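Step one of this worksheet: look at the structure below.
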Amino acid sequence: MNKALLLTLLWTTTLLAQPSSGKEVFETYCWGCHHQTAEAFGPPFNEIASKRSKQEIQAYIISPESMYKAFGYRRTAMTQFHLNDQELNLISDYILTFKGKK
Ligand code: HEC
């Protein structure tokens, strides 16, 4: 295969693999346990947004195991994810958009 074509293909697949919005990250990874404004298995995003900073939210997603005590939980049932920086950024901004929403 021609090198330029191969590079273009690689480039487009990386682009396509990137989520484009926090909503997409939410629907892919979090929706089974969290809802935006309703209590599900985990706390709703509006409640999280009202008491946590962006850094805290990201720290929790990166490692619930090392954060749950500091957040006041007796144990953690949340899955550990390996999101990249962009996904982390998108999802934490998305959560914070629910601040003050009912
Ligand atoms: C398997 C179910 C599950 C999934 C999937 C899940 N969570 Fe959670 N999450 C929980 C539960 C349950 C808690 C309550 C504390 C605990 O058990 O760790 C929680 C707590 C949290 C907290 C801290 C809440 C607080 O007190 O501020 C954040 C932030 C959070 N989740 C974000 C996410 C994000 C973002 C995703 C998707 C990338 C996600 N969670 C996916 C179950 C889940």
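The values are calculated or read from the model by the stated rules, or taken from the named source; none is laboratory data. Everything quoted here is computed from the prediction, not taken from an experiment. All Cβ positions, glycine included, derive from the backbone under ideal geometry; neighbour counts span all protein chains shown.
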Identify all residues within the range 53-76 that are of a type outside the set (Gly, Ala, Ser), out of contact with any helix residue (DSSP H, G or I) (no Cβ under 9 Å at 6 or more places or on another chain) and either more than 8 Å from the ligand (Cβ to nearest atom) or in contact (Cβ under 8 Å) with a residue 12 or more places away in the chain (or both); write none if there are none. PRO64, GLU65, LYS69, ARG74
Just the residues that are among the polar types (S, T, N, Q), touching a Gly at 6+ places or on another chain (Cβ under 9 Å) and within 15 Å of PHE26 (Cβ to Cβ), please, taken from the range 41-78. ASN46
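Taking the range 19-41 only, how many residues are within 13 Å of the chain's Cα centre (by Cα), of a type in the set (S, T, N, Q) and either over 13 Å from THR97 (Cα atoms) or surrounded by fewer than 15 Cβ atoms within 10 Å (Cβ to Cβ) (or both)?
The total comes to 3.
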Out of curiosity, is LEU88 surrounded by 13 or more Cβ atoms within 10 Å (Cβ to Cβ), among the hydrophobic types (A, V, I, L, M, F, W, C) and assigned to a loop (DSSP other than H, G, I, E, B)? no
So PRO44, is it modelled with pLDDT of 95 or more, surrounded by 15 or more Cβ atoms within 10 Å (Cβ to Cβ) and touching a His at 6+ places or on another chain (Cβ under 6 Å): yes
Of all residues in the range 91-102, count the ones that are loosely packed, with under 15 Cβ neighbours inside 10 Å and in a loop (DSSP other than H, G, I, E, B). 5
